[in-house]
Amino acid sequence: RLKAAVHYTVGCLCEEVASDREMPFSKQTIAAISELTFRQCETFAKDLEMFARHAKRSTINTEDVKLLARRSNSLLKYITEKNEELTQFNTEQKSKKKKKLEDDNTKSVAAAAA
């Protein structure tokens, strides 16, 4: 089922490229690209598991993904930027939540004192 989803997505991408460049892809080419993509994803998954295991963790984290992408400077840069955006967003969310809790506690104390 996952393999079928990869094949479908590759087919859609090939159609898009074919229409842009006026260069059609054969079904065999799409199938070959799909198979290579699926195998590469399997390799990535195994590598990520091994990186986490080597660090004595059971969970894959962003450092593992960065390590996987280390040979592609543009991909590594993109992943690093997205990670920083997520970290900043999570920090902002935590501070908002903390402030809301403090405000609620202040209101509770004021109501109890009244």
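Here, each number is a calculation from the coordinates, and none is a lab measurement. Bear in mind that the values here come from a model prediction, so they are computed numbers and not experimental data.
Per residue, the average separation of C-alpha pairs within less than 8 Å and at least 6 apart gives the stretch 42-114 a relative contact order of 17 percent.
Annotated for the stretch 22-80: lysine pairs at least 8 residues apart or interchain, Cα distance under 27 Å, count 6. Every helix of 4 or more DSSP H residues in the chain counts as -39500 (n - 2.57), and over all residues that averages to -29500 deg cm²/dmol at 222 nm. Rg over Rh for the chain works out to 1.25, both radii taken from alpha-carbon positions and Rh defined as the Kirkwood radius. Counting only lysines at least 8 places from K97 when in the same chain, those with an alpha carbon closer than 26 Å to its own are K82, K107.
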